[in-house]
Amino acid sequence: MKALMTQQRPLIARLPQVRGRLTVGASLANVTWFRVGGAAEVLFKPADLMDLQGFLARKPDDVAVTVLGVGSNLLVRDGGIPGVVIRLGRAFAEMRANGTTVTAGASALDLNVALAARDAGIAGLEFLSGVPGLIGGALRMNAGAYGSDMAAVVTSATALDSHGRLHKLTKDELGFTYRTSAVDPDWIFIGAELQGRADSPQAIQARITEIQNARAESQPIRSRTGGSTFTNPPHRKAWELIDAAGCRGLTIGGAQVSEKHCNFLINTGTATAADLEALGEEVRRRVKAQSGVELHWEIKRIGVPGDSPLRVRPESEA
């Protein structure tokens, strides 16, 4: 990665021509739910699938690629992300219903997929209304809530490998386990087919309303947060372990463990990514000391620290 940042030629000059948009030093803080983090060395918004495939096929092999959705379960460190950050736009958000199957693009919002299924009379996808984020991220982490997950509804998915070749993956090839999939982390999800069952839109909406009410009552959804911070250990609840360790309301800098749901971290308004990560690590330390259980991050942490020599300078500082 260091070689990436010390090339004599600017990274933008080494990248292939695209039809989409390439932006140098694009701030990422405003595109994550925590509202913290550094810049992307280069941000790429492909015009469509062919544009993305062409970019991946022609880019230099030493250029790192990171895919970023809406940043709902993500912490971008303060030094930013070296290499190219890819954000998929509307061209990858198509949704179609056919019988009891919904085909959804990777940048389709989980909530919108649940609502499209409702309108088509397809039940079984209501849980997605309680999962913040996009279908691509949901595939990557086998997102789930309220009694279901992606493993229960996905029949196949499409993804691009690091050279832009398209692959259709069966459910077995996706290798879903708790909050993860077995797909190569360098591959980029493009979309998926989700299987539901027939029911009335009214009954489906009733379940969606129930999920959204439960979420609003139990989670700090109006705060700057990143969703569930830690995965649940086997046969345990992460929030119960955190609460028992005395961490509810704990603060470091501008970061706080939510008083409402203590498996959520909150940016109270002045937090840095370093504050949030340090708070999460302190929670892990206290839970380990109190219960002997080691918590594992569910939130994905990417990029480099603010004091790293690899720090990406935003365009305004270049």
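Scanning the stretch 264-285 for any residue that is within 23 Å of Val70 (Cα to Cα), of a type in the set (S, T, N, Q) and surrounded by fewer than 15 Cβ atoms within 10 Å (Cβ to Cβ) turns up at least one such residue. With respect to being within 18 Å of Gly137 (Cβ to Cβ), without any contact (Cβ under 8 Å) to a residue 40 or more places away in the chain and either among the aliphatic types (A, V, I, L, M) or out of contact with any helix residue (DSSP H, G or I) (no Cβ under 7 Å at 6 or more places or on another chain) (or both), Thr209 falls outside the description.
Taking the criterion of being outside any loop (DSSP other than H, G, I, E, B) and at pLDDT 95 or above, the residues of the stretch 31-48 that qualify are Ala39, Ala40, Glu41, Val42, Leu43, Phe44, Lys45. Of all residues in the stretch 36-65, those that are over 30 Å from Ala271 (Cβ atoms) have Cβ atoms under 9 Å from Cβ atoms of residues that are of a type in the set (Gly, Ala, Ser) and in a helix (DSSP H, G or I), 6 or more apart or on another chain, in Pro46/Gly54; Pro46/Ala91; Ala47/Ala91; Asp48/Ala91; Leu49/Ala91; Asp51/Ala91; Leu52/Ala91; Asp62/Ala3. Being in a loop (DSSP other than H, G, I, E, B), of a type in the set (Asp, Glu) and either farther than 18 Å from Leu295 by Cα or not assigned by TED's automatic domain parsing to the domain that holds Thr66 (or both) holds for only one residue in Asp186, Asp172, and it is Asp186. Within the span defined as the stretch 157-169, every residue fails to be surrounded by 16 or more Cβ atoms within 10 Å (Cβ to Cβ) and farther than 25 Å from Asp48 by Cα. If you take the residues in the stretch 189-224 that are outside the structural domain of Gly99 (by TED's automatic domain parsing) and acidic (Asp, Glu), which one is nearest to Leu265 (Cα to Cα)? Looking at the filtered set, the residue picked out is Glu217.
The values are calculated or read from the model by the stated rules, or taken from the named source; none is laboratory data. Quick caveat, the model's predicted, so the values are computed rather than measured. Here the Cβ is made from the backbone with ideal geometry for all residues, glycine too, and neighbour counts use every protein chain on show.
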